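The values are calculated or read from the model by the stated rules, or taken from the named source; none is laboratory data. Everything numeric in this text was worked out from a predicted model, so none of it was measured. Using ideal geometry, Cβ is built from the backbone for each residue, glycine included, and neighbour counts are taken over all protein chains shown.
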């Protein structure tokens, strides 16, 4: 399936305008929507490639700039120490309510888009995994994929570093796919077990995968990238989204050449 040229929209939120990048199939019709959350570095080239991959499999994908209150539109933080320091500082400067309001804004945009069926999922990577986890607390989200979601077990998201993500697990009504790297120091075994126990206690429908991989194994830049694990992770995510969101109502484009005459 070919990909439509990337668009960007500016969505209003209580904390200011939020640039959001939209990737969708070029074939006419409507498709399920996916809110895709980036790492702390915002919408980098690897995140764009992830969005393009999802769109190429038949989804309308919206990728917001998670730090839109603090950085000029279009800002991309570098994959270096300075970029990591800035991203981590903003992670605990932003208000928790602002993260949640951003999620509602993107979900509302997707639900009313002429290109979307209204069936919605979320996916995120690193901090984005945590944000996808929280976005899944919105009742219209039918499926969520969280790649090595940081700070859930430590309650370390947002200003004050005392988030309530674990407490709000019973609000998640869709199905979760939780994917982890066993060699990821950001979410050690005891942290993973804490999250898993909370999901089990709440009766949340979820699938759990732990790979022998480092943090950022999905990112196709840098020494921690593992293409085999990334491919497996994408296949798991796509299978969940197809099962829970459907495949849309793509309409075949009209044939453009001369019509063959039967003899």
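At-a-glance table
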item	result
Selection status of residue 14, in contact with a helix residue (DSSP H, G or I) (Cβ under 9 Å, 6 or more places away or on another chain) and modelled with pLDDT of 95 or more	yes
Filtered residues of the stretch 194-224 (kept if farther than 25 Å from residue 141 by Cβ, out of contact with any helix residue (DSSP H, G or I) (no Cβ under 7 Å at 6 or more places or on another chain) and either exposed (fewer than 13 other Cβ atoms within 10 Å of the Cβ) or at pLDDT below 95 (or both))	212, 222, 223
Some residue of the stretch 93-107 being more than 23 Å from residue 234 (Cα to Cα), in contact with a helix residue (DSSP H, G or I) (Cβ under 6 Å, 6 or more places away or on another chain) and outside any helix (DSSP H, G or I)	no
Breaking point among (1) touching a residue at least 60 places away in the same chain (Cβ under 8 Å); (2) loosely packed, with under 14 Cβ neighbours inside 10 Å; (3) at positive phi, for residue 246	(2)
Yes/no for residue 152 being surrounded by fewer than 23 Cβ atoms within 10 Å (Cβ to Cβ) and within 16 Å of residue 96 (Cα to Cα)	no
From 155, 119, 134, residue being touching a helix residue (DSSP H, G or I) at 6+ places or on another chain (Cβ under 8 Å) and under 20 Å from residue 88 (Cα atoms)	134
Residues being surrounded by fewer than 18 Cβ atoms within 10 Å (Cβ to Cβ) and within 29 Å of residue 27 (Cβ to Cβ) - total across the stretch 58-84	1
Subset of the stretch 211-225 (residues that are more than 14 Å from residue 186 (Cβ to Cβ) and in contact with a strand residue (DSSP E or B) (Cβ under 8 Å, 6 or more places away or on another chain))	211, 212
Boolean, residue 31 is closer than 22 Å to residue 135 by Cα, touching a helix residue (DSSP H, G or I) at 6+ places or on another chain (Cβ under 7 Å) and in contact (Cβ under 8 Å) with a residue 12 or more places away in the chain	no
Matching residues in the stretch 110-142 - criterion: being part of a helix (DSSP H, G or I) and surrounded by fewer than 21 Cβ atoms within 10 Å (Cβ to Cβ)	111, 112
Residues being surrounded by fewer than 19 Cβ atoms within 10 Å (Cβ to Cβ) and touching a helix residue (DSSP H, G or I) at 6+ places or on another chain (Cβ under 9 Å) - total across the stretch 172-193	1
Any hit, the stretch 82-91, residues being in a loop (DSSP other than H, G, I, E, B) and at pLDDT 95 or above	no
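Residues checked against (1) within 18 Å of residue 131 (Cα to Cα); (2) under 17 Å from the mean Cα position of the chain (by Cα):
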{"residue": "40", "(1), (2)": "yes, yes"}
{"residue": "49", "(1), (2)": "no, yes"}
{"residue": "79", "(1), (2)": "no, no"}
{"residue": "105", "(1), (2)": "yes, yes"}
{"residue": "108", "(1), (2)": "yes, yes"}
